[in-house]
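Chemist: Quick one: structure below, then a few questions.
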Amino acid sequence: MLKPLLGPQGLAALAALARAPALFAFDFDGTLAPIRPRPDDVQVSTTIALRLEKLARARPVAIVTGRQIADVRERLGFTPAWIIGNHGAEDDGLAAAGVLVEDKGQSLALHFRTAPDRAAASALIEEVLAGFTATLHVFGGKLVYNAVAADAPDKAVAVQRLIARTGAHAAFFAGDDVNDEPVFAAARPDWVTVRIGCERRESAAFYCVDGPHEMAGVLDRILALIG
């Protein structure tokens, strides 16, 4: 069962991490900012951005997202040391069913949140992707299907590479969706991994918070511990 990050065990883990040269990495959508019906409407609040900016002056901070790097950079309100992502573009092939297709270079995200008939849109996406099972790895998310090359690296690989590049000894990573689970599963015991949404009991994360609205409090705790 996921333990609350702001409970006794979580706070102790944060205190230990604050004493180490650690990387602080965050997913974007659903983690630093609430998910919106339209991805273009998502923006980090000033409240969160100011705290992240302060954290970035003390520790290496990374954003690990499936979005286009240039796109997410404009939505952060601060400048992290690293942004890991891919370029995005809209494809009209499934537009008639209300599906928004993001081509991220190394992956595709097929959103059906705004589809008038979500069940029909989901079935259509599965039908389209069924012909590529030998070459694509497909995994679901929150009203989205993600498709990557079967041998493509995932977020866990990205975070591990960032740790090596920054010289960090441990990591904090927060994320809210299926594609964040590889990071949680690969985490060493001295990492602090946080699932956004405590209802996901089967997550491999060590800790959880209820939603993006708790991130300001989490960042305040981290900043206080770092001093």
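Chemist: Which percent of the accessible heavy-atom area of the chain goes to carbon and sulfur, probe 1.4 angstrom?
Modeler: Solvent-exposed carbon and sulfur of the chain make up 53 percent of the total.
Chemist: Please report how far the C-alpha centroid of the stretch 206-227 lies from that of the stretch 31-54, rounded to the nearest whole angstrom.
Modeler: 15
Chemist: Now, a different point. Hey, any idea what Rg/Rh is for the chain, computing Rh the Kirkwood way over Cα pairs?
Modeler: Over the Cα atoms of the chain, Rg/Rh equals 0.97.
Chemist: Provide His213, His169 ordered by accessible surface of protein heavy atoms (probe 1.4 Å), highest first.
Modeler: Largest accessible area first, the residues go His213, His169.
Chemist: Looking at the stretch 125-217, which trypsin sites (Lys or Arg not before Pro) are in a loop (DSSP not H, G, I, E or B) and have at most 14 other Cβ atoms within 10 Å?
Modeler: Those that pass, being in a loop and sparsely packed, are Lys142, Arg201.
Chemist: In the chain, once you exclude exposed GluC sites (Glu not before Pro) (DSSP loop, at most 15 other Cβ within 10 angstrom), what's the longest stretch remaining?
Modeler: 1-198
Chemist: Follow-up question, since we're still on this one. With runs of 4+ DSSP H residues as the only contributors, calculate the mean residue ellipticity of the chain at 222 nm using -39,500 (n - 2.57) per run, divided by the residue total and rounded to the nearest 500.
Modeler: -9500 deg cm²/dmol
Chemist: Could you pull out the trypsin sites (Lys or Arg not before Pro) across the stretch 1-62 that fall in loop regions by DSSP (anything but H, G, I, E, B) with no more than 16 other Cβ atoms inside 10 Å?
Modeler: Arg19
Chemist: Using the heavy atoms of the protein chains and a 1.4 angstrom probe, tell me the accessible area per residue for the stretch 1-117 in square angstrom.
Modeler: I get 48 Å² per residue for the stretch 1-117.
Chemist: Here's something else I'd like to know. Can you pull the Rg over Rh of the stretch 181-227, Cα-only, Kirkwood?
Modeler: Reported Rg/Rh, Kirkwood definition of Rh: 1.00.
Chemist: Ok, one more. Going toward the positive end of the dipole of the chain, with +1 on Lys and Arg Cβ and -1 on Asp and Glu Cβ, which of Val72, Phe26, Gly167 do you reach last?
Modeler: Farthest towards the positive pole: Gly167.
Chemist: If I build a Gaussian network model for the chain, linking alpha-carbon pairs within less than 10 angstrom, which residue out of Ile196, Ile125, Ile84 has the largest mean-square fluctuation?
Modeler: Maximum among the listed residues: Ile125.
Chemist: Quick one, can you get me the convex hull of the C-alpha atoms of the stretch 1-133 expressed as volume per residue in Å³?
Modeler: Normalising the Cα hull of the stretch 1-133 by residue number yields 159 Å³.
Chemist: Kindly express, to the nearest 10 degrees and within the range 0 to 90, the angle between helix 118-129's C-alpha long axis and the longest C-alpha principal axis of the chain.
Modeler: Computed tilt is about 80 degrees.
Chemist: Further question: Round to the nearest 0.05 the FRET efficiency obtained for Arg73 and Ala149 when R0 = 25 Å and r is the Cβ-Cβ distance.
Modeler: 0.50
Chemist: About the Cα centre of the stretch 73-227, how large is the charge dipole given +1 on each Lys and Arg Cβ and -1 on each Asp and Glu Cβ? Please answer in debye to the nearest 20.
Modeler: That gives the stretch 73-227 a dipole magnitude of about 560 debye.
Chemist: If you don't mind, another one. Among all lysine pairs in the chain that are eight or more places apart or on different chains, how many have alpha carbons less than 26 angstrom apart?
Modeler: Summing the qualifying lysine pairs gives 6.
Chemist: To the nearest 0.05, what FRET efficiency results for Glu202 and Ala16 with a Förster distance of 25 Å applied to their C-beta separation?
Modeler: 0.45
The values are calculated or read from the model by the stated rules, or taken from the named source; none is laboratory data. For clarity, every value in this text was computed on a predicted model and none was experimentally measured. Methodologically, a virtual Cβ is constructed for each residue, glycine included, from the backbone with ideal geometry; neighbour enumeration extends over all protein chains shown. For the accessible areas, the whole protein counts, side chains as well, though only heavy atoms, and no ligand, DNA or RNA atoms are used. Shrake-Rupley method; radii C 1.70, N 1.55, O 1.52, S 1.80 Å.
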